[in-house]
Every structure is written in C-alpha cells, then in structure tokens.
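Asks: Have a look at this one before I ask anything.
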Amino acid sequence: MLRVIGSFVSPYVRKVLACMNLKGVRYEVDPITPFYGNEEFERLSPLRRIPVLVDGDFHVSDSSVICAYLDETCPGHALYPIDAKARARARWFEEFADSRLGDVFIWGLFYQKVVHPIVWGEPGDQARIDKSLDEDIPAALDYLERELPADGFLFGEIGVADISVASFFRNGSYAGFETDSVRWPRTAAFVERALAQPCIADLLRFEDVQRSAEIRSRRQALLDAGAPLTAETLGIREPRRGMMRL
Ligand SMILES: N[C@@H](CCC(=O)N[C@@H](CS)C(=O)NCC(=O)O)C(=O)O
C-alpha cells in the first residue's frame, strides 16, 4: 500500500492523489497540515514540505518527482504524453503550475488569507494579497489563456499537466478568487472541466471535511468521513516553521 503524507487541501498533494486516482492505485494518507510534522516527517521530507510518497522502505518528496515515479512504476492511464516534445511541454506546464501558480495562488493569496491566520494566529500580508490579485494572478492567467485548449485537455486525455494547472485554482477559490470567464474564457472553462473529472472531483468531499474542521480534530473528522487514512500520524500539536518562503 502506498502512503502519501500531506493535507488534502494542498494543491501539490491534490495533484499526487488525483494522479493516483487516475492510475487506480490504492493509497493511504497521513493528512498532516504543513508545519505540523514531527522529527520522522523531517527525516522523510528534508525541506519539511508535503507531499511525501512512502512505498515500503522507499520514500521521496516533491509532487513532480512523485508523479514521474508513479508513471514509471504503475500501469494504467499515462500521466505524461509519449512523444518527446509533447512530454517536454507537459513537464513545462507542470513546472509553470508548481512554481508560478504556486507563488501567486498559494504564497501570494491562499497562504496569506487562509493558512497564515489559522496556523500562526495572525493576519497575512495584505500588500502581498493586493499585488497577487492586481498584478501577478492576472499576468499568469493571461499566459494560460494563450496556451490552454478551447476543448478537452492539453495533450488529449487528462494528464499531470492539466491536473497541476487546475489544482491551484481550487486553492484560489478557497481564498475567494474566481476566474473571470469574460476576461479569461478558455482558462475558466478549462479549469472547470479539469476539476470536474472524477480523479479530482472525488477528493472534494475530503477537502470540505478538512477545511471545516479545526486542525487538531481534522484527523478524526476525515476518518468519520471515510477517508483512507494511515493508522499512525507524523503530525504534532504545535506548528514549526518550514524551511522556505516565510
Ligand atoms: N515543489 C514542491 C512544493 C511543495 C510545497 O511547497 N508544499 C507546501 C504545502 S502546499 C508545504 O509543505 N509548505 C511548507 C513549507 O514550505 O515550509 C512539490 O511540488 O511538492
């Protein structure tokens, strides 16, 4: 049984779980919130980031590394295209999503508005929120609007590139951002299409449970909702700062 360490609400964890759902592989989740990992978590994840994949005595961090490993080891739905150029472009969109959409949606908006107040008990950086909404998110969406297909997905069937891009928009909406379908019609329709795919949509109920529960009671709330959780957790009761970007 594969184990994924990380919160259902993280865009990077959602990406990995959606890819595992596409592949049809079974997994268990240790749903720790970022900043709440113990010493063993730090051993498995040197940057104290989620997700981490544990496969027996093997473990590895970083959603892109994990998804490539899954594609190479699990049969079924291909996560990346076969053709070398299409494959390179898929990796580019994955990278654009993880780095740039991560910066503008997660660190510029979701972290400031949602995570910071809950984890550190104080408001996030309002100037950063304003800049994200006024400049950074619109610039990223202008780029996507030129690149995304009018129908279907980037490389035929849904794959890791589509999932990576769409995943950040769900966190954007958790922070109150809705894509303007007049200004960015392709992007809005693409994201809606991707998030409606069962591999991602099926995760939503666990996200809802997690978001409505207080951090220390999340584990029990998820168990009650039937989430596939590990028996043991690497979570701790008080948060510790991560390595980066704070
Ligand atoms: N490049 C990494 C990014 C993972 C990441 O930044 N995860 C966030 C949660 S959404 C985290 O664990 N942050 C804690 C920290 O940076 O200290 C990936 O693709 O997995």
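Asks: Inspect segment 130-149 for any residue being loosely packed, with under 13 Cβ neighbours inside 10 Å, in a loop (DSSP other than H, G, I, E, B) and away from the ligand (no atom under 16 Å from the Cβ) and give the result as yes or no.
Replies: Within segment 130-149, none of the residues are loosely packed, with under 13 Cβ neighbours inside 10 Å, in a loop (DSSP other than H, G, I, E, B) and away from the ligand (no atom under 16 Å from the Cβ).
Asks: When you scan segment 31-54, how many residues do you find that are more than 7 Å from the ligand (Cβ to nearest atom) and in contact with a Phe, Trp or Tyr (Cβ under 8 Å, 6 or more places away or on another chain)?
Replies: So the answer is 4.
Asks: Taking segment 77-110 as the region of interest, how many residues are closer than 21 Å to LEU22 by Cβ, within 15 Å of the ligand (Cβ to nearest atom) and of a type in the set (Phe, Trp, Tyr)?
Replies: 3
Asks: Name the residues in segment 31-58 that are surrounded by fewer than 23 Cβ atoms within 10 Å (Cβ to Cβ) and in a strand (DSSP E or B), would you?
Replies: VAL54, ASP55, PHE58
Asks: Another question, then. Out of all the residues in segment 210-228, which are open to solvent by 20 Å² or more (accessible area, probe 1.4 Å) and in contact (Cβ under 8 Å) with a residue 60 or more places away in the chain?
Replies: ARG211, ILE215, ARG218, ARG219, PRO228 - these are the residues of segment 210-228 that are open to solvent by 20 Å² or more (accessible area, probe 1.4 Å) and in contact (Cβ under 8 Å) with a residue 60 or more places away in the chain.
Every residue, every condition in (1) more than 16 Å from the chain's Cα centre (by Cα); (2) under 20 Å from ILE200 (Cβ atoms); (3) in a helix (DSSP H, G or I), yes or no:
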{"residue": "VAL13", "(1), (2), (3)": "no, yes, yes"}
{"residue": "GLU28", "(1), (2), (3)": "yes, yes, no"}
{"residue": "CYS67", "(1), (2), (3)": "no, yes, yes"}
{"residue": "ALA78", "(1), (2), (3)": "yes, yes, no"}
{"residue": "ALA88", "(1), (2), (3)": "yes, no, yes"}
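The values are calculated or read from the model by the stated rules, or taken from the named source; none is laboratory data. Everything numeric in this text was worked out from a predicted model, so none of it was measured. Using ideal geometry, Cβ is built from the backbone for each residue, glycine included, and neighbour counts are taken over all protein chains shown. To get the accessible areas, we keep the full protein, side chains included, count just its heavy atoms, and leave off ligands, DNA and RNA. Shrake-Rupley method; radii C 1.70, N 1.55, O 1.52, S 1.80 Å.
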